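Below is one structure, written out as structure tokens; comments come after it.
The values are calculated or read from the model by the stated rules, or taken from the named source; none is laboratory data. Given the structure is predicted, the values throughout are model-derived calculations rather than measurements. Positions of Cβ are generated from backbone atoms using ideal geometry, with glycine treated the same way; all protein chains shown enter the neighbour counts.
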Ligand code: DAK
């Protein structure tokens, strides 16, 4: 299906989604958010897709929510529309692994969107920031919560209060980003990582996603209990038997996603 603001491409079992509003540095407008949710939900329901990669252009992953679309709105407009609230919840509810591959600007809602993915890979040119304070607003799609959990209170406060940008090296040191690659290698390396994940048992990968995501949602005690119960539940799968038998028989596992 053709989209106005996205380009999608299938690479084996990976769906690559590219944000595509070059005229606005991929700023997130209502159309883009709607199309993104549609594509993600379709991918979640499509058994041929095992991993999703979300990326932008070399210049920008996304420079934030679309300021031109928001500028004239008042409190009642954004409150009644619940601006991007439903979309953010829908993205957070996607059950398959999502990798954000970030080059260039990754600001405001763009940074929040990247944090809605399961992990972030960055190119050396990536710049992360929550500069909403410069516009007289604050982050609204999870920035104050998720950035604080990822990089700690001190750096999160620094980013939100000064509006400064953080480069890829600092983002990796701080734990926002898992790995950094040269810009020209980012997509190829990301697709290799996606392929590695796609070769795992899908059921186990989805259990991992739910369990790790829990770390941000709950207290440590609740999270540990949830993780332990999911660990126990994994022993109900055929893939656990296959994975452990393959290890003991010194062969590669053949997972059935069951
Ligand atoms: N919105 C709309 N257009 C944007 C844009 C944005 N966020 N960012 C860039 N553009 C447009 C520029 O206006 C320009 O368009 P023309 O003037 O050519 O028509 C074009 O993209 C190229 O940008 P520049 O000419 O500015 O390019 P530079 O390389 O000089 O500068 C820049 C790049 C990224 C430093 C600069 O564009 C910039 O500062 N952009 C704004 C960054 C920003 O403030 N982002 C945060 C936006 S607020 C919520 C959910 C989400 C949010 C809030 C609530 N709820 C669920 C409640 C999120 C809020 C935000 O993200």
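Here are some notes:
- Among the residues of region 208-219, none qualifies, meaning not one is touching a strand residue (DSSP E or B) at 6+ places or on another chain (Cβ under 8 Å), more than 16 Å from the ligand (Cβ to nearest atom) and at pLDDT 95 or above.
- Selection count where residues are assigned to a loop (DSSP other than H, G, I, E, B), within 9 Å of the ligand (Cβ to nearest atom) and surrounded by 18 or more Cβ atoms within 10 Å (Cβ to Cβ), scope region 65-100: 3
- Looking only at region 112-140, residues that are within 8 Å of the ligand (Cβ to nearest atom), part of a helix (DSSP H, G or I) and over 9 Å from the mean Cα position of the chain (by Cα) come to 4 in all.
- Any hit, region 17-39, residues being on the phi > 0 side of the Ramachandran plot and more than 16 Å from the ligand (Cβ to nearest atom): no
Results for (1) closer than 23 Å to residue 129 by Cα; (2) under 15 Å from the mean Cα position of the chain (by Cα), shown as yes or no for each residue.
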site: 17; (1), (2): yes, yes
site: 52; (1), (2): no, yes
site: 59; (1), (2): yes, no
site: 72; (1), (2): no, no
site: 77; (1), (2): no, no
site: 85; (1), (2): yes, no
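- Residue within region 101-110 that is at pLDDT 95 or above, surrounded by fewer than 19 Cβ atoms within 10 Å (Cβ to Cβ) and more than 15 Å from the ligand (Cβ to nearest atom) present: no
- The test for being surrounded by 13 or more Cβ atoms within 10 Å (Cβ to Cβ), within 16 Å of the ligand (Cβ to nearest atom) and closer than 21 Å to residue 98 by Cβ does not hold for residue 163.
- Residue list for region 87-103, restricted to those being more than 9 Å from the chain's Cα centre (by Cα), closer than 22 Å to residue 156 by Cα and in contact (Cβ under 8 Å) with a residue 60 or more places away in the chain: 102, 103
- Verdict on residue 214 being in contact with a helix residue (DSSP H, G or I) (Cβ under 7 Å, 6 or more places away or on another chain) and more than 21 Å from residue 54 (Cα to Cα): yes
- Filter result for residue 205 (more than 16 Å from the ligand (Cβ to nearest atom) and closer than 17 Å to residue 13 by Cα): yes
- Filtering region 141-150 to residues that are surrounded by 21 or more Cβ atoms within 10 Å (Cβ to Cβ) and part of a helix (DSSP H, G or I) leaves 143, 147.
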